[in-house]
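Values quoted throughout were computed directly from the atomic coordinates according to the rules given, and no laboratory measurement underlies them. A quick note: this is a predicted structure, and the numbers were derived from the prediction, not measured. Cβ placement follows ideal geometry from the backbone for every residue including glycine, while neighbour counts extend to all protein chains displayed.
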């Protein structure tokens, strides 16, 4: 069997990643409303019910996924993640949310969200980009094998839509929603919440809207408060040159991969370094840019192959390969099987 770049040497196991309870604080009342004892269900996945008493409490990201999946099964709600977060907005993102709300423009706020959401949510990477005249706000789960990943994505996109409505104003409207998971039998709640076409089996999880709103000032933004919050977050992040961890690098790389800017120069600039210094830092940690890029691409490829019906052409393009042949060659090197065969095996195992 071939060695996989997705091994723990590339990134700490998902069990070490955490997330603020935030939007999930609405899960216990939702369970109760459907006749489920939330305390018992929460205990079943190894969490304490008290963790959901305050949005600032922190729980393992993988435990949230396990809870979301179990809750969806017990309630019979395949869209439970969406339903749990339909009323959740910026406030539940804590300091990061307040920084977004006090940014001078919508575009500046989304840039801050991309830069700092990992301080709220370590298990996923948001990204924000422009495609012609359209803006894209996306959300990528970093661990493709995570139980309940679809429910977490449903909730994250619901929150993202509410966030955009808060900072853009009452006239804001989405153009489209892309979800890289198969559609549940009933998608009415998605259509109602997003008020836009929802495309499942896509090659990404993202909200698409008019790029013109990015220059719009955010009503009520406070410059002094924004500067204070940004300083707080920078201090909290503090990953000086000598302490840049592989998982933080891969998080940035996953974000850049999703936005189509995955060159070594772009990644180095994200850490305030030039290409040569960045390469030296990686060498000191026993790795290379190519090894980390392979790990990130392999994670993303497995997630797309397993959870969606996106074509191999779309996946190859999404991961930055020139064509399907190049992607298939790389995937076979990583996994020992072609993408098509690997996908068929995954489907047969379900």
Report summary line: Per-residue ellipticity at 222 nm attributable to helices in the chain (runs of n ≥ 4 DSSP H, -39500 (n - 2.57) apiece, nearest 500 deg cm²/dmol) works out to -15000 deg cm²/dmol
Report task. Quick one: give the max-minus-min coordinate of the C-alpha atoms of the range 82-121 along each principal axis, largest first, in Å. Result -> 30, 19, 14
Query raised in the report: Which order do 273, 92 fall in if you start with the one that has the fewest other Cβ atoms within 10 Å?
Result: 273, 92
Query raised in the report: How are the Cα pair distances of the range 17-91 distributed, in percent, across 10 Å bins from 0?
Result: 20, 61, 19, 0
Query - Relative contact order %, the chain, counting alpha carbon pairs below 8 Å whose residues are six or more apart - result: 19
Report summary line: Distribution output for the range 14-215: share of Cα-Cα pairs per 5 Å bin in percent, first bin at 0, values 1, 8, 17, 22, 21, 16, 10, 4, 1, 0
Report summary line: Compactness summary of the range 239-349: radius of gyration and Dmax from Cα atoms, Å, are 15.2, 46
**Report entry** Solvent-free Debye scattering, log10 I(q)/I(0), computed from the Cα coordinates of the range 275-340 at q = 0.26 Å⁻¹
**Finding:** -1.06
**Report entry** Relative contact order %, the range 14-215, counting alpha carbon pairs below 8 Å whose residues are six or more apart
**Finding:** 22
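In µm²/s, what is D for the chain at 37 °C and 0.692 mPa s, where D = kT/(6 pi eta Rh) by Stokes-Einstein and Rh is the Kirkwood radius from Cα pairs?
Working: Rh = 20.8 Å.
For these conditions, the coefficient is 158 µm²/s.
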Query raised in the report: Using the alpha-carbon centroid of each, what span in Å lies between the range 271-350 and the range 186-238?
Result: 27
Query raised in the report: Given the convex hull of the Cα atoms of the range 64-173, what is a quarter of its surface area in nm²?
Result: 7.3
Requested in this report: Have a look at the DSSP beta bridges in the chain and tell me what percent are antiparallel, nearest 5.
Outcome: 90
